[in-house]
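The values are calculated or read from the model by the stated rules, or taken from the named source; none is laboratory data. None of these values were measured; they are calculated from a predicted model. Glycine gets a Cβ as well: all are built from the backbone with ideal geometry, and neighbour counts include every protein chain shown. Surface accessibility is based on the protein's heavy atoms, side chains included, excluding ligands, DNA and RNA. Shrake-Rupley method; radii C 1.70, N 1.55, O 1.52, S 1.80 Å.
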Amino acid sequence: YTMQKRFNIKEVAPNALKAMVGLEIYTSQSPISKTTKELIKIRASQINGCAYCINIHTQDAIKNGETNQRIFLLNAWRETEDIFTEEEKVVLAITEEITLIHQNGLSDDTYSTALQFFSETQIADIITAIITINLWNRVILSSHLVIGQSLA
């Protein structure tokens, strides 16, 4: 199976790419930990089946000190006991519920749990990080970008 070459967003919609980069810059500057941001990026990319993003963000996470064990167990995080913190577990739940928005959306239970650990501003930043990686996943999958190709 070979994918048909499609558009390069930088060439055909440079202002859209610029807006996407703006969201990425906002997210990168938010006070959410780098570890949490990478968990969000990897988990959403797993759900969306975006090999390009999984490849980049697992490498970035490892460079940032993340363990192989946690990355390997990320898609089964609910079945782990003490591998992820309670804060990380609620972030992963939010990530899944927003990435799979068509199912039930962000549940009241998950939001209430998040409020035990995070301020509303922090939750907004977490949600923005989730929305941003979902945006990248969708553009990359729609444009058939493959591992090793440059987005720019």
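Here 25, 40, 71 are screened, and the one residue that is within 18 Å of residue 110 (Cβ to Cβ), assigned to a helix (DSSP H, G or I) and among the β-branched types (Val, Ile, Thr) is 40. Checking each residue in the range 99-133 for being touching a helix residue (DSSP H, G or I) at 6+ places or on another chain (Cβ under 7 Å), without any contact (Cβ under 8 Å) to a residue 40 or more places away in the chain and either among the charged types (D, E, K, R) or within 28 Å of residue 17 (Cα to Cα) (or both) picks out 105, 106, 123, 127.
All conditions but one from (1) surrounded by 15 or more Cβ atoms within 10 Å (Cβ to Cβ); (2) under 15 Å from residue 133 (Cα atoms); (3) free of Cβ contacts under 8 Å to residues at least 40 places away in the same chain apply to residue 45; the one that does not is (3).
Kindly indicate which of 83, 140 is among the β-branched types (Val, Ile, Thr), surrounded by 15 or more Cβ atoms within 10 Å (Cβ to Cβ), more than 16 Å from residue 44 (Cβ to Cβ) and touching a residue at least 12 places away in the same chain (Cβ under 8 Å). Exactly one residue qualifies, and that residue is 83. Out of all the residues in the range 6-21, is one or more open to solvent by less than 40 Å² (accessible area, probe 1.4 Å), assigned to a helix (DSSP H, G or I) and polar (S, T, N, Q)? No, the range 6-21 contains no residue that is open to solvent by less than 40 Å² (accessible area, probe 1.4 Å), assigned to a helix (DSSP H, G or I) and polar (S, T, N, Q).
I need the full set of residues from the range 87-105 which are among the β-branched types (Val, Ile, Thr) and either at pLDDT 95 or above or open to solvent by less than 40 Å² (accessible area, probe 1.4 Å) (or both), in order please. Selection gives 90, 91, 94, 95, 98, 99.
Would you point out which residue out of 1, 26 is at pLDDT 95 or above and either surrounded by 13 or more Cβ atoms within 10 Å (Cβ to Cβ) or more than 15 Å from residue 137 (Cβ to Cβ) (or both)? Even if it seems obvious, please write down each step before you answer.
Numbers: 1 fails: at pLDDT 95 or above.
Answer to the selection: 26.
For the range 107-130, filtered to residues that are outside any helix (DSSP H, G or I) and surrounded by fewer than 18 Cβ atoms within 10 Å (Cβ to Cβ), the residue that is farthest from the chain's Cα centre (by Cα) is 119.
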